[in-house]
């Protein structure tokens, strides 16, 4: 066992976090620690590392076991050192050895005849070699680059970076330390998608044990083989990933609810018996025994009180036109940093677009351009009847600090009842008396949840969402996904939560080479498409690397194997077949594109728009044409790739 809890109870004042909890972390385990926001997951990690002492029980740690703990409080650390130096401080032993070697080297320059000094110097060099100390800078650079830092950033002072980037540096340092047990509290919060994918690959091959607190289902599913749930002050264990936990949790909750109902019936029977016989002398002793039994009874919690089943409901007052927003010839730069150059895109009614990619590509900038809060060159054209609502971190500044949460919600013009607003706030982790807190006393994360709730309640028909899941727990994220799936308006969102975008988006935008690349499909389809493209590119490179130089004209042609002519004919026949199919698909794509344009023109026509039945008929035809166009594009890509492979074989 590396570390663990034995019959631990921990309390914060009158609030109990865990009661009589036992948990042993074994070598090689990858564990997801989950639970609703506020249940005490981060607190439990602090108990494990000894920052907090338990009220009862013992915290156990194996002899010589090293523990690395990444948590949000680390952001208070500050230094003028470069991020490379901060991350390299993980190699304390090597750096100390380096200083010793340097000191011994200088002494040897002064006393070259000292045999003992020479032997000591040689021993230290050998020790450095055994520790692979000459490669620590290369290892550090590799990890920092994996977490998204460019080469030119590595010598910049740590204090110049924002909180999210600082957390990456400290994560790099912890990874390089390679502790026996790694405790990670929300490690993906400050990472973009490429960095999350790099971290996944690294942790999957990590030799130590890992405990992860995360609200990212996708990450948990890929990373962990065991789930520990902190629920009702107890730890519950599930031997599988998050999907396994969800299935098993439903069964366990059903069993607990049945047990709760059976116990409640038993309690009612005992109470009736006590009421009936406690005053009768002949039954008084039996009644007293029943009272003692009830006093000693360990009560089963009612799982119906766990979190109420509330749904987030969007309301749209106005139906917009077919086109929500059009971007034409859009260019944006910050000094020498080009974000967009002559980019174009279109958002249509019903689109749920996920804008994804690495940090620094300009995702949030593009959202601000669409929302009209960022200057740019080019043109942004709004469609008919579009009412947008923009959620981003800067929206926190618009909150009235003197209002309570409930007052802030009442004053945003939704016309919802107080109970409806309280129910909505419950989805965003504000329950009971929480809604009476003043905005000014809330943390940054709590303010962000209020701002998001205000966006949701706005009745807008176009939502612009920048990292909406950052401060939500797993259940709240699922509630938001359900709401967005039912939402009749359009959405464009930036998020690094792959579970969220895979469930909520039907189109993917990516900023590449300063253009907006549009993929007509969901996240999983986009990932498959990217994988196919990468595989095709890899195969092409492989063939190019292994191909022989062209035979000179005066050389004799290489002899073909028996049956070679038959193979050539079959290959030629297949190439002709694919070429014909490609031509047919090109004609089909042209016809569909023309048809889509004609239908779009009809939808924009006032006569069609005024006739509801005709409008719905044309809109249905437009959607059908879009689907056919998307399918034909995929077919074209498949046939084109196959044709390229066949033509390579024929060379």
Whole percent per 10 Å bin, from 0 to the bin with the longest distance: what is P(r) over all C-alpha pairs of the stretch 1-68?
20, 55, 24, 2
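Counting residues in the stretch 433-551 as N, plug N into 2.2 N^0.38 Å and put the Cα Rg over that result. Walk me through the intermediate numbers first.
Working: Rg = 21.0 Å, N = 119, 2.2 N^0.38 = 13.5 Å.
Here the answer is 1.55, to two decimals.
As a test of understanding, state the convex hull volume per residue of the stretch 191-271 from its alpha carbons, in Å³.
109
If you count the DSSP beta bridges with both ends in the chain, what percent of them are antiparallel, to the nearest 5?
50
Expressed as a rounded percentage, what relative contact order does the stretch 346-442 have, with Cα pairs under 8 Å and six or more residues apart?
This gives 23 percent for the stretch 346-442.
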Counting only helical runs of four or more DSSP H residues, what would the 222 nm mean residue ellipticity of the chain come to if each run contributes -39,500 (n - 2.57) and the total is spread over all its residues?
-16000 deg cm²/dmol
Mean-position separation - Cα centroids, the stretch 86-152 and the stretch 424-496, in angstrom
50
Relative contact order computed over the stretch 161-218 (Cα-Cα under 8 Å; 6+ residues apart), in percent
46
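Can you put 24, 471 in order, fewest other beta carbons within 10 Å first? Show your work: numbers first, answer last.
Numbers: 24 12, 471 21.
Ascending number of Cβ neighbours within 10 Å: 24, 471.
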Can you give the direction-averaged projected area of the convex hull of the alpha-carbon atoms in the stretch 372-459, in nm²?
6.7
If I take every Cα pair under 8 Å that is 6 or more residues apart in the chain, average their sequence separation and divide by the length, what percent do I get for the relative contact order?
12
Ordering 536-543, 360-367 by per-residue average of other C-beta atoms within 10 angstrom, highest first, gives 360-367, 536-543
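The numbers here are math on the coordinates, done by the rules we state, and not lab data. All values reported here derive from a predicted model rather than from experimental measurement. Positions of Cβ are backbone-derived with ideal geometry, glycine not excepted, and every protein chain shown enters the neighbour counts.
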